[in-house]
């Protein structure tokens, strides 16, 4: 849920979760600005990138620096705009 310093460990955990519970939707809320190469997109349904910066607002604000991505066919599709008013 953010602040995870060890992306490889997050990936390993989610690989286990995905294998054990394949119908469970998985997400990682990372404070990172770019996706770590240690992350295998096959282990996630959603990934949120970007640290929360109060002066830019939360995900629902058009000024936010954060992005929420839907993982589809091994690529990230930005779905942030769905949260804007």
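Give the relative contact order (percent, whole number) for region 23-85; include only Cα pairs under 8 Å separated by 6+ residues. Provide the component values of the computation, followed by the final result.
Working: 109 pairs, mean separation 17.1, N = 63.
Computed value for region 23-85: 27 percent relative contact order.
Nearest 10 degrees, 0 to 90: what angle lies between the long axis of helix 7-20 and the longest principal axis of the chain (Cα atoms)?
That works out to roughly 60 degrees.
Please report the projected area of the chain's Cα convex hull averaged over all directions, in nm². Intermediate results must be reported in sequence, preceding the final value.
On the way: hull surface 22.4 nm².
Its Cα hull, projected and averaged over all orientations, spans 5.6 nm².
Count the DSSP beta bridges whose two residues both fall in the chain, then state the antiparallel fraction as a percent rounded to the nearest 5. Intermediate values should be presented prior to the final figure.
Details: 8 of 11 bridges.
Rounded to the nearest five, the antiparallel share is 75 percent.
Take residue 24 and residue 7, extend 7 Å from each Cα along the Cα→Cβ direction, and tell me the distance between the two endpoints in nm.
2.3 nm
If you take the beta carbon distance between residue 40 and residue 85 as r and set R0 to 22 Å, what does 1/(1 + (r/R0)^6) give as a FRET efficiency, to the nearest 0.05?
Details: r = 34 Å, r/R0 = 1.54.
The calculated FRET efficiency here is 0.05.
Every number in this text was worked out from the coordinates using simple rules, so none of it is lab data. As the structure is a prediction and not an experimental result, all values here were calculated from the model. Because the Cβ atoms are built from the backbone with ideal geometry, glycine has one as well, and the counts that use them run over all protein chains shown.
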